[in-house]
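Heads up, the thing below is written out as structure tokens.
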Amino acid sequence: MTAHDERDLVRQVEGHLLLAAAREEGRTAAARLGSRLGWLTESQRQDVERQFEAEYLALARRSWGRTAERAEELRQAYEARYRALRGRLLACCVLGCALLAAAVLVLSAAAW
């Protein structure tokens with residue numbers, strides 16, 4: 001198994017755990033809502049809880065999607081900024097080396 005395969009496996013496991021936790025949160029919230037609706041029949045309450053849980057999970061997935069999109073936007077922005085800074089640093093280093101070489105040439109010519 002390569003390092004890439006291991007990272008993919010870890011991501012999959014994390015995804016499954018996150019989904020399981022969201023489902024459990026949805027079930028818990030749905031049960032709390034259902035318990036407050038005492039006038040519903042048992043089948044109506046179960047239907048409301050199922051629908052609530054489904055909506056809760058859909059909301060969580062949309063939220064995760066927005067978070068992932070924003071993370072990608074930030075990653076791209078930071079990478080662009082890093083490349084620009086790295087380019088500027090390289091230009092400064094090249095300029096510094098050129099100035100140093102010129103100074104050495106001037107000093108060695110003056111010594112002759």
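The values are calculated or read from the model by the stated rules, or taken from the named source; none is laboratory data. Here the structure is a predicted model, which means the values were calculated and not measured. Reconstructed Cβ throughout: ideal geometry from the backbone, glycine too, with neighbour counts over all protein chains shown. Note: areas computed on protein heavy atoms with side chains; ligands, DNA, RNA excluded. Shrake-Rupley method; radii C 1.70, N 1.55, O 1.52, S 1.80 Å.
Could you tell me which of the residues Arg23, Arg32 is in a helix (DSSP H, G or I), at pLDDT 90 or above, closer than 23 Å to Gly65 by Cα and open to solvent by 70 Å² or more (accessible area, probe 1.4 Å)? Explain how you work it out, then say what you get.
Numbers: Arg32 fails: closer than 23 Å to Gly65 by Cα.
Just one listed residue meets the conditions, Arg23.
From Ser43, Ser63, grab the single residue that is exposed (fewer than 10 other Cβ atoms within 10 Å of the Cβ) and assigned to a helix (DSSP H, G or I).
Just one listed residue meets the conditions, Ser43.
Answer yes if at least one residue in the range 82-98 is open to solvent by 60 Å² or more (accessible area, probe 1.4 Å), closer than 27 Å to Arg23 by Cβ, free of Cβ contacts under 8 Å to residues at least 12 places away in the same chain and assigned to a helix (DSSP H, G or I), and no otherwise.
No, the range 82-98 has no match at all.
Quick one: count up the residues across the range 35-79 that are of a type in the set (A, V, I, L, M), closer than 23 Å to Leu19 by Cβ and over 11 Å from the mean Cα position of the chain (by Cα). Give the derivation first.
Going residue by residue through the range 35-79, those that are of a type in the set (A, V, I, L, M) are 37, 40, 48, 54, 57-60, 68, 71, 74, 77.
With closer than 23 Å to Leu19 by Cβ added as a condition, the list becomes 48, 54, 57-60, 68, 71.
Narrowing further to those that are over 11 Å from the mean Cα position of the chain (by Cα): 48, 54, 57-60.
Residues that pass the stated criteria total 6.
Return the residues of the range 1-20 that are open to solvent by less than 70 Å² (accessible area, probe 1.4 Å) and either under 18 Å from Ala58 (Cα atoms) or touching a Phe, Trp or Tyr at 6+ places or on another chain (Cβ under 6 Å) (or both); say none if nothing qualifies.
Gly15, Leu19, Ala20
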